[in-house]
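Here the structure comes first, spelled out in structure tokens, and everything after it is commentary.
The values are calculated or read from the model by the stated rules, or taken from the named source; none is laboratory data. Source: prediction; values computed, not measured. Note that each Cβ is placed from the backbone with ideal geometry, even for glycine, and that neighbours are counted across all protein chains shown. For the accessible areas, the whole protein counts, side chains as well, though only heavy atoms, and no ligand, DNA or RNA atoms are used. Shrake-Rupley method; radii C 1.70, N 1.55, O 1.52, S 1.80 Å.
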Amino acid sequence: MQTQCPFCSVQCKITLHPPHSSPSPISVIQTGALATALSMENWQAEGHPNAASQGRLCIKGMNAHQHALNGDRLLYPLIRRDGKLVRASWDEALDLIAVRFREAMQQHGPDIIGVYGGGSLTNETAYLLGKFARIGLGTRYIDYNGRFCMSAAASAGTKVFGVDRGLTFRLQDIPIAQCIILAGTNIAECQPTLLPYFHEARANGARIIVLDPRQTGTAAIADLHLQLKPGTDALLALTLLKLIIDNGWTDQAFIAQHTNGYHELAALLDGIELEQTAQQCGIPAAQIVQAAEWYGTAETGMILTARGIEQQTDGHLAVRYLLNLVLATGKIGRPGCGYGAVTGQANGQGGREHGQKADQLPGYRSIENESDRTYVASVWGVEPSEIPGKGVSAYEMLELADQGLLRMLFVMGSNPVVSNPNIPLVRRALEGLDLLVVADLFLSETARMADIVLPVASFLENTGTLTNLEGRVLLREAVMEPPGEARQDWSILHAIAERLGTGHYFHFDSAEAIFNELRLASRGGLADYSGITYDRLRQEEGIYWPCPDESHAGTPTMFQQRFAHEDGKAIFTALPHQYVREQPSTTRPLLLTNGRVLSHYLTGVQTRRSPTLAARELQNFVEIHPATAKRYRLKEGQWAELESAQGQLIVRCRLSEQIRMDTLFVPMHWGGKQNVNEATPPELDPFCKMPGFKFTPVTIRPWQPERSLLK
């Protein structure tokens with residue numbers, strides 16, 4: 001069976017071999033007896049050659065099938081009765097949703113309902129979810145968990161280049177880059193099937209520079225590791241730019257021909273001092289000079305960013321300052337050069353292109369642009385005035401719920417009570433809703449709080465397209481039927497719309513039919529999919545957008561001739577740096593940052609249902625330097641309590657000399673009292689509304705159960 005990994009943005013292809021002694025997958029799944037009928041360990045997965053991963057699989061991909069075959073799968077709808085979630089029929093569940101939605105809209109208007117999506121949904125579902133919110137319900141309030149993944153890089157790319165695409169180059173170009181800066185990205189654990197590209201680059205003589213507070217597996221391959229203090233990325237980027245300009249390592253011809261705003265940089269860089277930067281970043285000045293020289297003098301070079309630099313309240317500007325380096329040296333639009341945002345979620349790229357974001361319509365069109373609204377309205381068969389205006393970001397929707405301004409929430413493919421910042425507020429907001437509906441594979445932490453839970457198909461049972469970090473659209477076809485009474489997510493949206501009287505906008509009989517409307521809706525947009533078809537995807541195994549017609553080969557390398565702004569030029573960023581965050585203090589002197597571990601994905605809803613993956617990391621932990629642990633009377637394996645201004649979490653200590661002494665690291669994959677976001681503050685980046693996941697002042701102490709019981 002040919003399928004595709006449901007996890008990270010590489011989207012590796014998989015050949016899945018069921019046990020020879022088992023019944024056929026479809027017949028077994030239909031019985032619903034998953035746990036006893038199938039031995040998950042006897043299934044075998046191997047990489048199927050494709051251009052992205054070249055046939056490689058990581059530990060998650062090799063065991064991705066396990067969660068889809070897990071006996072904990074939701075098999076039928078659930079409705080909360082007398083405080084408990086109990087089995088219900090589809091008609092009962094859908095009728096109740098429609099009745100409650102209709103009553104709320106009649107009393108308060110459609111904006112009383114919010115829709116919360118996910119970055120692992122297919123392009124077809126992401127597109128339909130946006131249409132469902134705006135036309136099926138009429139609400140302006142839709143956003144998705146990709147807000148916490150790509151919003152800083154996406155908004156920065158849009159401002160600088162005129163369009164956001166994960167990578168502006170092909171993965172196959174990495175080995176010919178002479179210098180590569182990896183800023184806040186731990187590819188070795190988050191996208192491990194890409195690591196051979198960087199090994200090949202090093203073998204070809206490339207110098208790799210890593211910016212990270214931790215000595216990660218990625219830092220281990222670096223020629224230079226800048227182990228900077230969390231929250232100082234923007235200052236470091238500005239200093240690198242000043243050194244490049246002062247030493248004459250710029251490409252003046254490229255600057256003159258292809259950019260605007262270069263001369264305004266002088267005011268931005270005024271006052272930047274190397275020694276002061278070194279002190280604030282906590283790294284030697286000589287390392288900063290070396291990094292600037294290597295990147296500035298290299299003939300070809302790339303900069304890749306990820307959540308380490310982006311998930312901060314100044315992440316948008318930090319990325320834009322790094323893009324200044326790209327423009328100043330002319331390292332874009334040609335082989336071995338470019339910028340890349342290493343997307344975290346399976347469809348983090350495609351999921352934000354077609355309408356899940358509060359401010360976007362399909363094809364990367366702006367919901368505030370009248371011509372964009374008019375075009376999409378013509379595709380949907382409505383008047384432009386019928387498309388609601390801009391909503392708010394994902395976390396801001398939950399703030400509205402906490403204020404009583406949003407009374408109902410429909411969640412599809414996300415787990416907001418674990419993934420959001422400021423979990424105490426999020427939990428309170430969800431508990432206070434009049435109606436919470438969750439569509440998911442499992443009874444996630446959020447689903448356990450729901451009034452109605454709807455079972456959906458997994459990646460093995462769901463046909464659709466996903467767009468990987470390169471902007472390459474890939475087709476993943478179903479190889480099984482959904483178990484029990486689980487349904488395709490897009491069919492659930494249609495069924496609710498039918499009951500609300502808007503079903504005629506959602507009459508699709510297949511994912512391909514939805515994709516064909518998506519193609520039309522994206523035509524002429526920045527993310528133009530109109531030339532991509534299912535037949536082409538089957539034959540060509542992936543096509544890069546933009547692809548404006550069926551004779552077009554796609555666009556592997558962006559900005560070879562011009563940028564996407566109207567005048568064809570990119571824009572330097574000369575905006576002053578803005579801090580929007582609490583600083584460490586005597587009461588909270590340590591900096592907490594978070595991230596991923598190799599064996600888990602997002603909030604762990606799927607990977608913790610995989611026995612092989614769950615066994616690798618059973619519990620959450622705090623990575624702490626031995627000297628810091630000694631100072632706070634902590635030992636290896638001991639339970640520790642971390643406390644911020646927002647809340648507390650309890651995790652075991654893992655001592656490591658690979659982390660700064662002023663920094664703590666906690667993975668993001670667990671809920672409950674082990675949830676790192678119990679402590680994450682609510683402040684958002686003013687440009688893109690990204691929370692500051694990577695910068696939380698905290699204190700740490702040995703856990704005392706009696707103290708926790710008193711709180």
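Within the range 442-462, is even one residue in a helix (DSSP H, G or I) and aliphatic (A, V, I, L, M)?
Among the residues of the range 442-462, at least one is in a helix (DSSP H, G or I) and aliphatic (A, V, I, L, M), which makes the answer yes.
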Looking only at the range 181-210, how many residues end up being among the hydrophobic types (A, V, I, L, M, F, W, C) and open to solvent by 10 Å² or more (accessible area, probe 1.4 Å)? 4
Test result for SER9, out of contact with any His (no Cβ under 7 Å at 6 or more places or on another chain), at pLDDT below 65 and in a loop (DSSP other than H, G, I, E, B): no
Considering LEU469, LEU406, LEU454, LEU441, which residue is within 21 Å of PRO682 (Cα to Cα), of a type outside the set (Asp, Glu) and in contact (Cβ under 8 Å) with a residue 40 or more places away in the chain? LEU406
Show me the helices (runs of 4 or more DSSP H) found entirely inside the range 372-441 where at least 2 residues are touching a strand residue (DSSP E or B) at 6+ places or on another chain (Cβ under 8 Å). 394-402
Odd one out for ASP685 among (1) within 30 Å of GLN345 (Cα to Cα); (2) modelled with pLDDT of 95 or more; (3) surrounded by 15 or more Cβ atoms within 10 Å (Cβ to Cβ): (2)
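Could you list, in sequence order, all residues of the range 74-103 that are buried (at least 18 other Cβ atoms within 10 Å of the Cβ), of a type outside the set (A, V, I, L, M, F, W, C) and assigned to a loop (DSSP other than H, G, I, E, B)?
The answer is PRO77, and nothing else.
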How many of the residues in the range 150-175 are closer than 16 Å to ALA52 by Cα and either more than 21 Å from the chain's Cα centre (by Cα) or among the polar types (S, T, N, Q) (or both)? 5
Can we say TYR127 is in a helix (DSSP H, G or I), within 30 Å of LYS390 (Cα to Cα) and open to solvent by less than 40 Å² (accessible area, probe 1.4 Å)? yes
Which condition from (1) at pLDDT below 95; (2) under 22 Å from the mean Cα position of the chain (by Cα) is the one that GLN646 breaks? (2)
Taking the conditions exactly as written (open to solvent by 10 Å² or more (accessible area, probe 1.4 Å) and in contact with a strand residue (DSSP E or B) (Cβ under 7 Å, 6 or more places away or on another chain)), does LEU475 satisfy them or not? yes
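Among the listed residues VAL411, VAL379, which satisfies the condition of being open to solvent by 20 Å² or more (accessible area, probe 1.4 Å) and of a type in the set (A, V, I, L, M, F, W, C)?
Matching residue, one of VAL411, VAL379: VAL379.
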Does THR168 count as in contact with an Asp or Glu (Cβ under 6 Å, 6 or more places away or on another chain) and either surrounded by fewer than 24 Cβ atoms within 10 Å (Cβ to Cβ) or touching a residue at least 24 places away in the same chain (Cβ under 8 Å) (or both)? no
Options GLY355, GLY336, GLY350; residue that is in a loop (DSSP other than H, G, I, E, B) and either buried (at least 24 other Cβ atoms within 10 Å of the Cβ) or without any contact (Cβ under 8 Å) to a residue 24 or more places away in the chain (or both): GLY355
Check on ALA341, surrounded by 24 or more Cβ atoms within 10 Å (Cβ to Cβ), more than 25 Å from ILE112 (Cβ to Cβ) and of a type in the set (A, V, I, L, M): yes
Contact list, first residue from the range 235-256 and among the aromatic types (Phe, Trp, Tyr), second anywhere and surrounded by 17 or more Cβ atoms within 10 Å (Cβ to Cβ) and not in a loop (DSSP other than H, G, I, E, B), beta-carbon distance below 7 Å, six or more apart or interchain, is TRP249/GLY296; TRP249/THR329
Suppose we keep only residues that are of a type outside the set (A, V, I, L, M, F, W, C) and in contact with a Phe, Trp or Tyr (Cβ under 8 Å, 6 or more places away or on another chain) within the range 224-265. Which one would you say is most open to solvent (accessible area, probe 1.4 Å)? GLU264
So VAL163 clears everything in (1) more than 21 Å from GLY595 (Cβ to Cβ); (2) β-branched (Val, Ile, Thr); (3) outside any loop (DSSP other than H, G, I, E, B) except one condition, right? Which one? (3)
In this structure, does ALA133 turn out to be among the hydrophobic types (A, V, I, L, M, F, W, C), within 30 Å of ILE571 (Cβ to Cβ) and part of a helix (DSSP H, G or I)? no
Taking the range 598-620 as the search range and keeping residues that are small (Gly, Ala, Ser) and in a loop (DSSP other than H, G, I, E, B), which one is farthest from ASN63 (Cα to Cα)? GLY604
For GLU310, are the conditions met, namely being open to solvent by 40 Å² or more (accessible area, probe 1.4 Å) and acidic (Asp, Glu)? no
For the range 100-107, state whether one or more residues are closer than 15 Å to HIS494 by Cβ, over 21 Å from the mean Cα position of the chain (by Cα) and not hydroxyl-bearing (Ser, Thr, Tyr). yes
Checklist (1) out of contact with any helix residue (DSSP H, G or I) (no Cβ under 9 Å at 6 or more places or on another chain); (2) modelled with pLDDT of 95 or more; (3) of a type in the set (D, E, K, R); (4) farther than 23 Å from GLN356 by Cβ applied to GLU540, failing item: (2)
PRO705: of a type outside the set (S, T, N, Q), over 27 Å from LEU400 (Cα atoms), without any contact (Cβ under 8 Å) to a residue 12 or more places away in the chain and open to solvent by 40 Å² or more (accessible area, probe 1.4 Å), yes or no? yes
Select from the range 38-55 the residues that are at pLDDT below 80, within 20 Å of SER610 (Cβ to Cβ) and part of a loop (DSSP other than H, G, I, E, B) and write down the one among them that is least open to solvent (accessible area, probe 1.4 Å). LEU38
Hey, among PRO611, PRO697, PRO705, which residue is at pLDDT 95 or above and of a type outside the set (Asp, Glu)? PRO697
Can you list the helices (runs of 4 or more DSSP H) lying wholly within the range 216-327 that have 1 or more residues being more than 29 Å from the chain's Cα centre (by Cα)? 233-246, 252-258, 265-269, 274-281, 285-297
